Protein chains: 2
Amino acid sequence: MTTIRDVAKKAGVSVATVSRYLNGNGYVSKDAEKAVEAAVKELDYEINQVARSLNTKKSNLIGLILPDITNPFFPELARAVEDVALTYGYTVILCNSDENPEKERNYTEQLKKKYIGGFIVISNQLDAPHYTDIKLPIVALDRAINESVPIVSSNNREGAALGTRALLDRGCRNILFLRGPEELNPANDRYEGFMAEIDGADAHFSVLTGPFHFEESEELVESFLKAHPETDGIFASSDVSAAGALKAAHKLGIDVPEDLQIIGFDGISMGEMLSPGLTTVAQDIYEMGAVAARMLIKLIENQPLEERFHEVPVKLIVRGTTRSVRT
Amino acid sequence: MTTIRDVAKKAGVSVATVSRYLNGNGYVSKDAEKAVEAAVKELDYEINQVARSLNTKKSNLIGLILPDITNPFFPELARAVEDVALTYGYTVILCNSDENPEKERNYTEQLKKKYIGGFIVISNQLDAPHYTDIKLPIVALDRAINESVPIVSSNNREGAALGTRALLDRGCRNILFLRGPEELNPANDRYEGFMAEIDGADAHFSVLTGPFHFEESEELVESFLKAHPETDGIFASSDVSAAGALKAAHKLGIDVPEDLQIIGFDGISMGEMLSPGLTTVAQDIYEMGAVAARMLIKLIENQPLEERFHEVPVKLIVRGTTRSVRT
DNA sequence: CTGAAAGCGCTTACAG
DNA sequence: CTGAAAGCGCTTACAG
């Protein structure tokens, strides 16, 4: 392994000068610069990040804390984070938290010992001490808690209004809203968006609360549909629960979209694989991850943030679970 | 930040003794041990991994190199790797390669500078110099290349035979096999398994080669089905392409499973969300990732490996895209 | 069994 | 603009 010492020797300067050259700080004369540049190239020198970290107490590691990469919403987010991290020379550590504060704390503690640069976190525990006391840059994704940490999220409220309107415009008059977990801010925002839009509309509606889970959604919807056969529209606040609703409808022999229209929320790729393809309010998941990563890196590098709250627009993707608009 | 020096002072011993105690190597007297233990507890001391790494030229980082976390096969694998890594005190770095050798090389190079412990890699490039010359433990997943690197994979051949037999047993006599990319070993093994089983069976068959991609599979199957309406069974060598086949069938108004039965391969969770639910040859994806992680950690810690080639069994999960067995 | 000392490969005041 | 030197927080022969 060639070290900064080897480079210094070959270039005929001190290691301090090489270090200054490498870091682009401090003064380095043109001559020295050239000599070092040549030596670096000739020796194929690459800096030892560990040694550097020990001095600077920083590393180019960033931590991505999310509930479970197995949840179809997260892989695309992780991909985006990794892509931009790579661009800026950072490396990402994957941390599945299972929404468990103990696991989250364990990660933040362990990684601080590695002088990790900062965290992107998707969690409901953002006000827990291991985050508030962390003294490291962090950016929240998807789930806002308070003003103190920068956040990027979708416009969930507007998205829900969009989906609701879509159902209404397509003639639905007995709508079931599948509401997500009450401890999730995005789910609550979607609920509010739905309520705001349905309010005053010429339609009946019901709300069912449940997790963003396929089987449970399927069962929930199946029994609801049995009890309320007049239901002609379902707005699920996640694609996975929409898939559950669709499956329930199929099981009951209900024609989608003729007799029942379904709209999901998220825009995960599974949506198009269903039959019929799932109409959904799509988040720009990749964009969310990319923006969050860029924000975090700015924070790490002490650059100013233009905004501490970034909202990514949402759009309706119309596929087979809805009919054409009635005029 | 409290350092080993603080602990030494408080315990009234030298830093060398504290270090020995911490690493459990070298002799430490009972008395010294107690004193250090107490000091560590009292000061809430935790070792600085970066400083340690600089000395040992090792870290408890492991790299997971995979094509794209966005491909539904990989998240569960990543989850398993992370789970066992955590158990052993390791941390995983996520690397999306896009099957691009340049990106892979870049990761292995960059991470070596961080004294990464080793890699778990899913790649077709295992014989590229950046792997063969790496001088670091690596374990291959899913795709074997040669004897030199330990590998864990599914019994793809047997799995394919299993799926083929399932179609035959259920009365299929005109079978389409959706073969995956020819550069993928697992895909080839599945092809061989299919051929071995179909050979001599009282059935016609065709083979279509294509990527494990939803839309392309859908298009491929749609035109095939138009040209060959007598097709009564499709065995796709991935769940995603099976989903494409199912969608094509729906589009053409073909009754699945009455007139056409479909079996996939992989066992990803999307399978159950389809309607009807996808019958599939399921790999134990989590187990594969877990075994690979355990193997890698053994390698990193210089423990003997019982086996350099681990094959994880595969099983048929029967859902709605197949009928009951004809007797 | 234990400690002083050198060393891992960098960075950063400081003096010149 | 540059170099000598101390230091980041550990580990590890080596001598005792």
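The values are calculated or read from the model by the stated rules, or taken from the named source; none is laboratory data. Everything quoted here is computed from the prediction, not taken from an experiment. Counting neighbours? That spans all protein chains shown, and the Cβs are built from the backbone with ideal geometry, glycine included.
Could you please give the count of residues in segment B:18-28 that are more than 8 Å from DNA strand D (Cβ to nearest atom) and touching a helix residue (DSSP H, G or I) at 6+ places or on another chain (Cβ under 9 Å)?
Adding up the residues that qualify gives 3.
So, in segment A:192-223, exactly how many residues are among the aromatic types (F, W, Y) and assigned to a helix (DSSP H, G or I)?
Of the residues in that region, 2 qualify.
What number of residues in segment B:12-70 are surrounded by 21 or more Cβ atoms within 10 Å (Cβ to Cβ), among the aliphatic types (A, V, I, L, M) and within 12 Å of chain A (Cβ to nearest Cβ)?
7
Would you mention how many residues in segment A:130-152 are surrounded by fewer than 23 Cβ atoms within 10 Å (Cβ to Cβ), of a type outside the set (A, V, I, L, M) and touching a residue at least 12 places away in the same chain (Cβ under 8 Å)?
8
Answer with yes or no whether B:V7 is more than 14 Å from chain A (Cβ to nearest Cβ), more than 30 Å from A:I285 (Cβ to Cβ) and within 11 Å of DNA strand D (Cβ to nearest atom).
Yes, satisfied.
Considering B:I138, B:I69, B:I120, which residue is of a type outside the set (D, E), within 15 Å of the chain's Cα centre (by Cα) and modelled with pLDDT under 95?
B:I138
Could you check segment A:1-113 for helices (runs of 4 or more DSSP H) lying wholly inside it with 1 or more residues that are within 15 Å of DNA strand C (Cβ to nearest atom), closer than 30 Å to A:A290 by Cα and in contact with a Phe, Trp or Tyr (Cβ under 8 Å, 6 or more places away or on another chain)?
A:49-56
Tell me yes or no: at least one residue of segment B:166-184 is touching a helix residue (DSSP H, G or I) at 6+ places or on another chain (Cβ under 7 Å) and either in a helix (DSSP H, G or I) or of a type in the set (S, T, Y) (or both).
Within segment B:166-184, not a single residue is touching a helix residue (DSSP H, G or I) at 6+ places or on another chain (Cβ under 7 Å) and either in a helix (DSSP H, G or I) or of a type in the set (S, T, Y) (or both).
Does B:I268 satisfy the criteria of being part of a loop (DSSP other than H, G, I, E, B), surrounded by 22 or more Cβ atoms within 10 Å (Cβ to Cβ) and touching a residue at least 12 places away in the same chain (Cβ under 8 Å)?
yes
When you go through A:A161, A:A140 one by one, which is the residue that is of a type in the set (G, A, S) and more than 20 Å from A:V81 (Cβ to Cβ)?
Going through A:A161, A:A140 in turn, just one is of a type in the set (G, A, S) and more than 20 Å from A:V81 (Cβ to Cβ): A:A161.
Can you give me the number of residues within segment B:85-102 that are crowded, with 20+ Cβ neighbours inside 10 Å and either touching a residue at least 60 places away in the same chain (Cβ under 8 Å) or more than 23 Å from A:V84 (Cα to Cα) (or both)?
Total meeting the criteria: 2.
Can you name the number of the only condition in (1) assigned to a loop (DSSP other than H, G, I, E, B); (2) within 14 Å of another protein chain (Cβ to nearest Cβ); (3) of a type in the set (A, V, I, L, M, F, W, C) that B:A293 fails?
Going through the list (1) assigned to a loop (DSSP other than H, G, I, E, B); (2) within 14 Å of another protein chain (Cβ to nearest Cβ); (3) of a type in the set (A, V, I, L, M, F, W, C), B:A293 breaks only (1).
Please enumerate the residues belonging to segment A:29-58 that are farther than 23 Å from B:Q110 by Cβ and near DNA strand D (Cβ under 8 Å from one of its atoms).
Matches in segment A:29-58: A:S29, A:K30, A:D31, A:A32, A:E33.
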